[in-house]
Amino acid sequence: MAQLEYDTESITDAVIARLTDCQDPRFKEVMSSLVRHMHAFAREVDLKGDEWFTAIQFLTACGKKCDDKRQEFILLSDTLGMSMQVVALEHARALKGRTGATPPTDATVQGPFYWEGAPDLPLGSDIAEGVPGEPALYSGRVTDLEGQPLKGALLDIWSGDGDGVYDMQREDSGMRARARIRTDEQGRYWFWSIRPTFYPVPSDGPVGDMLRKMGRHPNRPGHIHMKVSAPGHKEVVTHLFVKDSPYLDSDAVFGVRESLIVEFEKHEPGTAMDGRQMGKPYHVAHYDFRLIPQGDAA
Ligand code: BEZ
Ligand code: FE
């Protein structure tokens, strides 16, 4: 007769055994492992019924908090380091077997504030006209891993304003401080925006409650987001972090990579590198992006 009842160990094998007829081998592998780890976790902490119910109420609250502009589950994944864990695994997979000397640009979390359809603007544009914050000129090149320039590469750019607020968080939420810019013949890009400042991830929901209960702050160091892509190359979703920003060493979502920390050189009013007349102090940030070729065996 089949086994009817289980103890705290054999129930794990029993659940996994029910996947015998699962037709999708990857789904089977992932679900079996999830069940194994979840049961082991419950045994390890000797989970109480009321604690598990609190967890279910928490997940329910996360679901209720979500709408077309707020994604509490991504925030949960981000703040528990799971988004960066997956980014790091993807990155390691892309680098596997690679022997070349120049590493590609590191990836980091996308976060919840990407907005598809930012305006296409010409090189040299100010993408944050009228947005509060100290002006900054961003420039550099997009190349492949051999340093060959990628012309027509696309930079899809977004950031908060100088007060750390994203357009999507405002009532009058038209797009601000966002643009799509393409590199020139030599793979060069340059544009104006503001120097981003640190800001808190949304903390008025269940994830904020969780952070407070954990004794954690919700802040991210100053950064600007970019998705960089070029035909025949893998897209990289990344940030440039402001050197010396507070919270570089304790980013609430664990997204900092040393290779992405950039100096924002301060300049006095005058003629900027691109010829723009600046009536107030401004910053200059330089970064070269390196993309992995598509279909690269590595
Ligand atoms: C962001 O950088 O925009 C972000 C990333 C993760 C969670 C919240 C915000
Ligand atoms: Fe951000």
Packing-wise, with mean Cβ within 10 Å as the measure, how do 13-26, 218-231 rank, highest first? 218-231, 13-26
Whole-Å distance linking the alpha carbon centroid of region 28-73 with that of region 263-284 is 50
To test your reading of the geometry: what angle, between 0 and 90 degrees and rounded to tens, separates the Cα axis of helix 82-95 from the longest principal axis of the chain? 70
Assuming 0.36 nm per residue, please report the length gained on full extension of the stretch S10 to S259 beyond their Cα-Cα distance. 85.0 nm
Using only alpha carbons, build the gyration tensor for the chain and give me the equivalent ellipsoid semi-axes, biggest first, whole Å. 42, 25, 16
Post the alpha-carbon centroid distance, region 105-154 to region 159-201, in whole angstrom. 8
Quick one: what does P(r) look like for region 1-57 with 5 Å bins over all Cα pairs, in whole %? 4, 16, 22, 21, 19, 12, 5, 0
In Å², what does the accessible area per residue of region 178-298 work out to with a 1.4 Å probe? 47
Under 1.5 on a/c is rounded, so check that first for region 144-298, then, if it is not, pick prolate when a/b is larger than b/c and oblate when it is not; a ≥ b ≥ c are the square roots of the alpha carbon gyration tensor eigenvalues. oblate
Along the positive direction of the dipole of the chain (beta-carbon charges: Lys, Arg +1; Asp, Glu -1; about the Cα centre), which of M1, S125, V236 reaches farthest? S125
What do you get for the angle between helix 49-65 and the principal long axis of the chain? Use alpha-carbon atoms, 0 to 90 degrees, nearest ten. 40
Accessible area of the chain belonging to carbon and sulfur atoms, whole % at 1.4 Å probe: 54
Over the heavy atoms of E263, what accessible area does a 1.4 Å probe trace out, to the nearest 10 Å²? 100
The simple spin-label model distance between K28 and A42, using points 7 Å out along Cα→Cβ, in nm, is 2.4
If I take the Cα coordinates of region 155-199 and project them onto the principal axes, what are the three extents in Å, biggest first? 39, 20, 12
For a 28 Å ceiling on Cα separation, which of these pairs sit above it: K64/K243; K227/K266; K69/K213? K64/K243
With the 1.4 Å probe rolled over protein heavy atoms, region 39-101 has an accessible area per residue in Å² of 69
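The values are calculated or read from the model by the stated rules, or taken from the named source; none is laboratory data. Just so we're clear, the structure is a prediction, and the values are computed from it rather than from any experiment. Neighbour counts run over all protein chains shown; Cβ positions are idealised from the backbone, glycine included. Accessible surface areas use protein heavy atoms only, side chains included; no ligands, DNA or RNA. Shrake-Rupley method; radii C 1.70, N 1.55, O 1.52, S 1.80 Å.
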